[in-house]
Amino acid sequence: MDKIIKEFLNEVNKRNQNEPEFMQAVTEVAETVIPYIVKNDFYYGQNILMRMVEPERVVSFRVAWIDDQEEIQVNRGYRIEMNSAIGPYKGGLRFHPSVNLSVLKFLAFEQIFKNSLTTLPMGGGKGGSDFNPKGRTDTEVMRFCQSFMTELFRHIGPNRDIPAGDIGVGSREIGYMFGQYKRLKNEFTGVLTGKGISWGGSLIRPEATGYGVVYFVQKMMEYNETGLKGKKVVISGSGNVAQYAAEKAIQLGSKVLTLSDSSGYIYDAEGIDEEKLAHVMQLKNIKRARISAYIEKYPKAKFVSEKSPWEVACEVALPCATQNELNEKDAALLISNGCVCVGEGANMPSTPEAIHQFTNHKILYAPGKASNAGGVAVSGLEMAQNSLRYNWSREEVDAKLQSIMADIHKSCLDFGKEDGYVNYVKGANIAGFVKVADAMLAQGVV
Ligand code: NDP
């Protein structure tokens, strides 16, 4: 088996040189899905995984715009249309200086499996730019978004490709891009998700990824006959996913100890409660400040510069910032300090070595493609509401989100049980694969 996997990965690597993040994501899937393919005559011999790792289409384009000093800036924009076997391409846009083809291809590849797990009809895609919104004024961000959409609009559409937010793309950026799309097409359509409530958005969409992570963790804990109440929770990041993961964890009675950003983490031993979290949201979303500003209002907390929060003892860890933010040493430290459950809010935040630590020690570990699927799931519900021209209530959307997260958990159990342990990586990869592979095989060699 190892030989077949190795040969497959060598072949993929040959075509995708210098794309380490993409190869990391493909390797994780290949290691769990190839043994399943080999045992199933229906999939064996169809070259199906090789077809899945090849994007259906990659678009790369120039984004020129003028900053407040009237200097001309040039960025690069991308859209990866990875797989449309089960629905139109769906996946976020990321604006961050680290964005490149490898990062977006890994995200688009993961998105295929994640979207399949939600049970909604969405294919996989991802896009973005190396533009850094940090430190830019609102008018600069608007000019950038307008220039970005002036090219992207010809590749997307409500039945073709429906982008959403991701790192660096929140409600402000979605608004500017939606406005430009509407102007160019002269159409009011559900071409983006994460829209404002008064112009086609869904209730619970901002909360969905973070809430979904915690609903998934709750399911894992309950399956192991424990719960979240009273548990110490360590969270990284302080953006959209981290904020709402913290909110739901607090509502369910956990004690949230940390939040972070790229400059370091804050540790509040008394716990971050709802009032403190509201202050964080004000700091991050309105003032666009650094997380270190937290200690100005709450001086009993401490700010630890240039470090991530995995050194803080906890029962539950929720990495909600970015890829490869939790390495082997961090994983070992978490486990030795009593961590029993890791639920990924970010995409691929744990390195392969960290994942081996979690699975070797048989602690509960949920890969992002399962545990953070709540965001795209509610994006799917936003698309459904746009088609119906109707809005569901907060309670209705939240109930659907909870039911989708419970279904994803069940799919992971169906394919991931091994000798009294649930391997959620294997479960999520195979469950996600089966639906897409079946559709691809039915649709012929295209
Ligand atoms: P935001 O831009 O709202 O927040 C990102 C957070 O992560 C910020 O606190 C940011 O800190 C931190 N961060 C980003 N890059 C780094 C880095 N290189 N090192 C340390 N910290 C970093 O993004 P989201 O909350 O939307 O996304 C977070 C993660 O969740 C990403 O992996 C994303 O792909 C994933 N995700 C998001 C979904 C969504 O619905 N938004 C859906 C599913 C997954 P700083 O401000 O200092 O950069």
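Table for the structure above
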item: Qualifying residue in segment 331-339 (condition: of a type in the set (A, V, I, L, M, F, W, C) and within 21 Å of the chain's Cα centre (by Cα)); result: yes
item: When residues of segment 244-266 are limited to those that are crowded, with 24+ Cβ neighbours inside 10 Å, free of Cβ contacts under 8 Å to residues at least 60 places away in the same chain and not in a strand (DSSP E or B), the one farthest from the ligand (Cβ to nearest atom); result: Ala246
item: Whichever residue in segment 147-176 is assigned to a helix (DSSP H, G or I) and touching a residue at least 40 places away in the same chain (Cβ under 8 Å) and, among such residues, is nearest to the ligand (Cβ to nearest atom); result: Glu173
item: Some residue of segment 251-266 being hydrophobic (A, V, I, L, M, F, W, C), at pLDDT below 95 and closer than 30 Å to Asp138 by Cβ; result: no
item: Flag for Val63 being in contact with a Lys or Arg (Cβ under 9 Å, 6 or more places away or on another chain), surrounded by fewer than 24 Cβ atoms within 10 Å (Cβ to Cβ), farther than 28 Å from Phe216 by Cβ and of a type in the set (Val, Ile, Thr); result: yes
item: Some residue of segment 219-228 being under 17 Å from Gly368 (Cβ atoms), at pLDDT 95 or above and not charged (D, E, K, R); result: yes
item: Single unsatisfied condition, Gly179 versus (1) surrounded by 16 or more Cβ atoms within 10 Å (Cβ to Cβ); (2) more than 13 Å from the ligand (Cβ to nearest atom); result: (1)
item: Some residue of segment 273-284 being more than 12 Å from the ligand (Cβ to nearest atom), in the same structural domain as Ala301 (by TED's automatic domain parsing), more than 27 Å from Arg172 (Cα to Cα) and at pLDDT 95 or above; result: no
item: Among residues of segment 313-339, those that are among the aliphatic types (A, V, I, L, M) and surrounded by fewer than 20 Cβ atoms within 10 Å (Cβ to Cβ), counted; result: 4
item: In segment 301-320, residue nearest to the ligand (Cβ to nearest atom) [restricted to those that are over 17 Å from Leu277 (Cβ atoms) and in a helix (DSSP H, G or I)]; result: Trp310
item: Residue match in segment 218-227 (condition: crowded, with 18+ Cβ neighbours inside 10 Å, away from the ligand (no atom under 16 Å from the Cβ) and within 19 Å of Trp310 (Cα to Cα)); result: no
item: Failed item in (1) within 12 Å of the ligand (Cβ to nearest atom); (2) out of contact with any Lys or Arg (no Cβ under 9 Å at 6 or more places or on another chain); (3) closer than 30 Å to Lys362 by Cα, with Tyr211 passing the rest; result: (2)
item: Odd one out for Asn423, checked against (1) closer than 19 Å to Ala25 by Cβ; (2) surrounded by 24 or more Cβ atoms within 10 Å (Cβ to Cβ); result: (2)
item: Any hit, segment 186-196, residues being away from the ligand (no atom under 16 Å from the Cβ), closer than 30 Å to Tyr424 by Cβ, at pLDDT 95 or above and not assigned by TED's automatic domain parsing to the domain that holds Ile112; result: no
item: Residue identified as assigned by TED's automatic domain parsing to the domain that holds Ala346, within 15 Å of the ligand (Cβ to nearest atom), more than 20 Å from Cys314 (Cα to Cα) and touching a His at 6+ places or on another chain (Cβ under 9 Å) among Tyr294, Tyr298; result: Tyr294
item: Residue check for Tyr390: within 22 Å of Ile86 (Cβ to Cβ), modelled with pLDDT of 95 or more and not assigned by TED's automatic domain parsing to the domain that holds Thr118; result: no
item: Elements of type strands (runs of 3 or more DSSP E) in segment 46-128, at least 2 residues being in contact with a helix residue (DSSP H, G or I) (Cβ under 8 Å, 6 or more places away or on another chain) and within 16 Å of the ligand (Cβ to nearest atom); result: 72-83, 89-95
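Residues are listed down the side, and each one gets a yes or a no for (1) near the ligand (Cβ under 9 Å from one of its atoms); (2) under 22 Å from the mean Cα position of the chain (by Cα); (3) surrounded by fewer than 24 Cβ atoms within 10 Å (Cβ to Cβ); (4) without any contact (Cβ under 8 Å) to a residue 40 or more places away in the chain:
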{"residue": "Val342", "(1), (2), (3), (4)": "no, yes, no, yes"}
{"residue": "Glu353", "(1), (2), (3), (4)": "no, yes, yes, yes"}
{"residue": "Ser371", "(1), (2), (3), (4)": "no, yes, no, no"}
{"residue": "Val378", "(1), (2), (3), (4)": "yes, yes, no, no"}
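The values are calculated or read from the model by the stated rules, or taken from the named source; none is laboratory data. Everything quoted here is computed from the prediction, not taken from an experiment. Methodologically, a virtual Cβ is constructed for each residue, glycine included, from the backbone with ideal geometry; neighbour enumeration extends over all protein chains shown.
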